[in-house]
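Input: a single structure, listed below in structure tokens.
The values are calculated or read from the model by the stated rules, or taken from the named source; none is laboratory data. Quick caveat, the model's predicted, so the values are computed rather than measured. FYI the Cβ positions are ideal-geometry reconstructions off the backbone, even for glycines, and counts take in every protein chain you see. With ligands, DNA and RNA removed, areas are computed over all heavy atoms of the protein, side chains included. Shrake-Rupley method; radii C 1.70, N 1.55, O 1.52, S 1.80 Å.
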Amino acid sequence: MIDSTELLDDAFTRIRDTVRRATGGLTPEQLTARIDPEANTIAWLVWHLTRVQDDHIAEVAGTEQVWTSGGWSERFGLPFETDATGYAQSPAEVAQVAGPGVTSESLVGYHEAVYAATSAYLRSLPGDELSRVVDESWDPPVTLAVRLVSVISDDLQHAGQASFVRGVLERRG
């Protein structure tokens, strides 16, 4: 029988696989192309979903984010505060997820590093840890299990959006 953390790890693996397919082999121009003047780009979608996962996992694990500990912030060279995750960014800010540090390799590399940290954290959890309350500002309070499912849901939606954008760009030729 599969346990809960193995199931959660499988979901994060599916996100990783979708990110790989959505970004693999794309040029910087394709990564930053918009299918509408205010649409999110593949680069922004993948950066954002990875930043959210990194931020939320580091918080519940009590660790430093991979974004800073792994030097990804410097490699990407984005014009945002180090703690930015993309939440509520404007179309103009979405366009700023671009430049020499934003490549399919850097997006996948950062995501792989966050996935590895997430997977290691999940493997370290004792059986009763998923019921731990991690955020009391909600009613009802948010448990670790609910927080992880929330990250999975958000990430899968954004990974799907990135895949959709790639499909549209490929059809346009």
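What are the residues in the stretch 48-61 that are open to solvent by less than 20 Å² (accessible area, probe 1.4 Å) and farther than 13 Å from TYR115 by Cα, if any?
Those that are open to solvent by less than 20 Å² (accessible area, probe 1.4 Å) and farther than 13 Å from TYR115 by Cα: HIS48, VAL60.
Out of all the residues in the stretch 64-75, is one or more within 17 Å of ILE152 (Cβ to Cβ) and of a type outside the set (A, V, I, L, M)?
No, the stretch 64-75 contains no residue that is within 17 Å of ILE152 (Cβ to Cβ) and of a type outside the set (A, V, I, L, M).
For the stretch 62-91, residues that are on the phi < 0 side of the Ramachandran plot and either surrounded by fewer than 17 Cβ atoms within 10 Å (Cβ to Cβ) or in contact with an Asp or Glu (Cβ under 6 Å, 6 or more places away or on another chain) (or both) total 18. Among the residues of the stretch 97-117, the one identified as open to solvent by 40 Å² or more (accessible area, probe 1.4 Å) and more than 19 Å from ALA159 (Cα to Cα) is PRO100. Tallying residues that are open to solvent by less than 40 Å² (accessible area, probe 1.4 Å) and either outside any loop (DSSP other than H, G, I, E, B) or in contact with a strand residue (DSSP E or B) (Cβ under 7 Å, 6 or more places away or on another chain) (or both) within the stretch 118-173 yields 24.
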